[in-house]
Amino acid sequence: MTLSVVVRVGGFVEAAALDETLFSLAIQDWRDLEVVVVLDGGGDGLARAVAVAVEAQPWPAAPRYRLLNRGCEGGPGALMNRAVAEAGGRFLTILDAGRAVVYQHGYAALVGRLSESGRAVAVGGCRVAHVRGERGRPGLPRASVRRRGA
C-alpha cells in the first residue's frame, strides 16, 4: 500500500532545512513511498536544488518522486490541489519542507493505525520548527495521514 507524501517547498526554504525534511522521509520504516514535491515559487534554481537534495538522500531504493512547479493557474492552492489529485497512493500526507521532520517510525505507525482501525484519519507526532527557530515537543499532533477516498 503506497503512501503518497506531498512535500510543499516554499521559495525561500533553507537548504539545510530542506535536507533534514527529505532525510526524514528517506529513512522511514514505511518503504512504499511516493514523494510529490510541490515548488511554490523559487524558479528553476529551486527546482534544481530540490532535485539534487532528493537524489542525495539515503533512500533504500531509487526514490519515486516528481516535482510539480507553479506553472498552473490559480496560485499555490491550485498547485496543492493538483499535487493531491496526482498522488497515486492509497494513503496521503502533506508535509511542509523545512518546517517538519517525521520520526523514522512515524508513517509506519500511522498507516498501521489506519489499516487496523478502518478510520479515515490518523494523527501522530513530528518535530515542527516554529517561526523563531524553536523546535516543538515530540508527540505533538502535527503529522497526519489520510486514507484515500474517505
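Return the total of residues in the stretch 45-69 being touching an Asp or Glu at 6+ places or on another chain (Cβ under 6 Å) and not small (Gly, Ala, Ser).
Matching residues across the stretch 45-69 total 1.
May I ask you to list the residues in the stretch 27-46 that are under 27 Å from residue 106 (Cα atoms), surrounded by 16 or more Cβ atoms within 10 Å (Cβ to Cβ) and either out of contact with any strand residue (DSSP E or B) (no Cβ under 9 Å at 6 or more places or on another chain) or of a type in the set (A, V, I, L, M) (or both)?
33, 35, 36, 37, 38, 39 - these are the residues of the stretch 27-46 that are under 27 Å from residue 106 (Cα atoms), surrounded by 16 or more Cβ atoms within 10 Å (Cβ to Cβ) and either out of contact with any strand residue (DSSP E or B) (no Cβ under 9 Å at 6 or more places or on another chain) or of a type in the set (A, V, I, L, M) (or both).
Between a first residue in the stretch 29-41 that is more than 16 Å from residue 96 (Cα to Cα) and a second residue that is surrounded by 20 or more Cβ atoms within 10 Å (Cβ to Cβ), which pairs have beta carbons less than 7 Å apart while being 6 or more apart in sequence or on different chains?
30/3; 30/107; 30/111; 32/3; 33/3; 33/5; 33/25
May I ask you to verify whether residue 123 is of a type in the set (Val, Ile, Thr) and either at pLDDT 85 or above or loosely packed, with under 15 Cβ neighbours inside 10 Å (or both)?
So residue 123 passes the test.
Quick check: anything in the stretch 64-71 surrounded by 12 or more Cβ atoms within 10 Å (Cβ to Cβ) and within 15 Å of residue 99 (Cβ to Cβ)?
No, the stretch 64-71 contains no residue that is surrounded by 12 or more Cβ atoms within 10 Å (Cβ to Cβ) and within 15 Å of residue 99 (Cβ to Cβ).
Out of the stretch 103-113, which residues are part of a loop (DSSP other than H, G, I, E, B) and in contact with a Cys (Cβ under 7 Å, 6 or more places away or on another chain)?
103 - this is the single residue of the stretch 103-113 that is part of a loop (DSSP other than H, G, I, E, B) and in contact with a Cys (Cβ under 7 Å, 6 or more places away or on another chain).
The values are calculated or read from the model by the stated rules, or taken from the named source; none is laboratory data. Treat the numbers as computed from the prediction; the structure is a model and nothing was measured. Here the Cβ is made from the backbone with ideal geometry for all residues, glycine too, and neighbour counts use every protein chain on show.
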